[in-house]
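Each reported figure results from applying straightforward, stated rules to the coordinates on display, with no laboratory input. Everything numeric here is computed off the predicted structure, so don't read it as measured data. Please note: Cβ atoms are built from the backbone with ideal geometry, for glycine as well, and neighbour counts cover all protein chains shown.
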Amino acid sequence: MSRIDLRSDTVTLPSAAMRAAMAAAPLGDDQYGEDPSINLLQARVAALLGKEAALFVPSGTMANQIGLQLLTRPGDEIVVGAEAHITWHEAGASAFNAGVQFSVAGQSGLFSVADYQAAFKPDGHVVFPPTTLVCIENTHNRGGGAVFPQSDIIAICDAAHSTGGHAYLDGARLFNAAVASGRSLAELSAPFDVVSVALSKGLGCPVGSLVAGSRSDMQRAVRARRRFGGAMRQSGILAAAGLHALDRGFDHLAADHANARLIATRIAQTAAVIDMTTVQTNIVIFRLPAPLPDAATVVRRAAEHGVMVGAFAPRTVRATTHLDVSAADCARAADVLARAIEAG
């Protein structure tokens, strides 16, 4: 029985063609700005995002942390959506590294300009920390892969800029958002000062993210990356995987989205609670109210039948589709999960 791994879209393995591209990559020392593969990847991603420059970093968490250091000062407050990656999945890095705190707006990761304005705190108050940044996650992981509405993004970023603040986009799955919304990466990125994207999720690369923005901000980002230990040497081996993925394009993500809907539709036929309106991309999140089995039990039962999913909370499960699973795989996984839920 073959294993179907839906724990994350980061579990993909590089294809033979991607490995060949990595092996053949022209290399140099990136610390001297001499790695041609890194330089080409950074230029291509900057152009795709409509920004002046981009910087390759080892992980999405590092990209987020660099973004915060560029756009905030210690003691500042950041407005984020509920259960944002930057607050839930980065081991407290934002407080440790940037010295910032968060104010949560809206529900399920999405919020409106009115929500932002209600959370906003002006600079100069004797008690309140100043709100200097808004951070939007698109797509939103714990929100079920929902695409953040672009009209709301524009209004929120305009409001932030009108008070002298900044806007940061955690676009780890921005390629998914582009395919699902039919909007270009540049359009999705335009309202933000600094943007990050991940290569190791929907594009199937083994390592890497990029942070992008103005040329001056990216010059500062080089120093921040160094402080975080993310500066590398012949890292063009990793960049080559990203270049190969970009050459392939990312229209194939639509199949991942269809596979997620396939799973979600089957789960919706059980007593589990799933919000089908959030299943817009490649993430399926469902909840297991009592007397259904808890998340750990469903995860264990599914694993016994070769299907790997993750427990996001005691009664919450996440399944994530990606390029290493087929529609047939997802149909089988959906049936396995349904049986695991219905077994009581």
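See the values below:
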| quantity | calculated |
| --- | --- |
| Size of electric dipole in the chain: Cβ of Lys, Arg +1 and of Asp, Glu -1, about Cα centre, debye, nearest 20 | 580 |
| Cα gyration tensor, the stretch 252-342 - rounded (a/c under 1.5), prolate or oblate | prolate |
| Gyration tensor verdict on the stretch 62-106 (Cα atoms; rounded if a/c is under 1.5, prolate if a/b is larger than b/c, oblate otherwise) | oblate |
| Residue among Ala114, Ala212, Ala264 with the largest mean-square fluctuation in a Gaussian network model of the chain, springs linking Cα atoms under 10 Å | Ala114 |
| Coil-residue trypsin sites (Lys or Arg not before Pro) of the stretch 1-102, DSSP, other Cβ within 10 Å capped at 12 | Arg3 |
| Anisotropy class of the chain from Cα gyration tensor, a/c 1.5 cut | oblate |
| Net charge of Cβ neighbours under 13 Å - reference Ala46; Lys, Arg +1; Asp, Glu -1 | +1 |
| Distant-in-sequence amide H partners of Ile78 (H built 1.01 Å from N, under 5 Å) | Gln101, Phe102, Ser103 |
